[in-house]
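Participant: First the structure, which I've put down as structure tokens, then a few questions once you've had a look.
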Amino acid sequence: MQTVVAQVLTSILAFAIFFIVAKKLFWASILNAIEERQNRIRTELERIEELKAMVQKLETEYKTHLAQIEREANQLKQQEIAEGKRIAEEIKEQARNEAKTEIAHMHQILALEVEKVRAELKEEVVRLTLAATERIIREKLDDARHRRLIAEFVEELARK
């Protein structure tokens with residue numbers, strides 16, 4: 001048992017010497033390495049937190065900017081729709097005006113044609129009346145007198 005106690009005491013003494021020597025030689029460098037590692041980890045965690053905050057800020061800015069772009073796009077779309085409607089109304093109004101102008105022009109042409117036909121008809125009536133009158137009377141009147149009588153007759157007919 002003494003040998004066991006001696007071995008235990010020797011082991012304790014060896015460990016204590018080893019501990020003192022290790023503390024003097026290695027302890028400071030081990031502590032420095034651990035401290036450096038802790039500082040590096042702490043710095044990386046702080047950097048990660050900063051990056052998270054920056055990402056969060058950028059995400060918020062992105063969402064705000066995207067919402068602004070969507071509002072502007074909707075506003076532009078509404079403006080373009082309104083502009084399209086306005087142009088369509090202008091085109092319709094222009095077409096209506098052109099149609100009215102064309103109808104008025106056609107009425108003028110029609111009125112001229114009616115007057116022309118009336119004049120031709122009047123001449124025809126005068127000629128037929130002269131021919132009929134000449135046959136009935138069987139006497140020839142001079143042309144100027146015939147025309148005057150027929151013109152008076154036509155005007156009388158026109159009044160009735």
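The values are calculated or read from the model by the stated rules, or taken from the named source; none is laboratory data. Keep in mind the model is a prediction, meaning the values are calculated, not measured. So basically every Cβ, Gly included, is an ideal-geometry build from the backbone, and we count neighbours across all protein chains shown.
Participant: Any residue in the stretch 82-104 that is part of a helix (DSSP H, G or I) and under 30 Å from ALA158 (Cα atoms)?
Facilitator: Yes, some residue in the stretch 82-104 is part of a helix (DSSP H, G or I) and under 30 Å from ALA158 (Cα atoms).
Participant: Six or more apart or on different chains, Cβ atoms under 6 Å: show the pairs whose first residue is in the stretch 50-70 and at pLDDT below 95 and whose second is exposed (fewer than 10 other Cβ atoms within 10 Å of the Cβ) and in a helix (DSSP H, G or I).
Facilitator: As it stands, the answer is none, since no pair meets every condition given.
Participant: Give VAL5, VAL21 a once-over and let me know the one that is of a type in the set (Val, Ile, Thr) and exposed (fewer than 10 other Cβ atoms within 10 Å of the Cβ).
Facilitator: The unique qualifying residue is VAL5.
Participant: With respect to the numbered conditions (1) modelled with pLDDT under 95; (2) hydrophobic (A, V, I, L, M, F, W, C); (3) farther than 30 Å from ALA158 by Cα, which one is the sole condition not fulfilled by ALA144?
Facilitator: (3)
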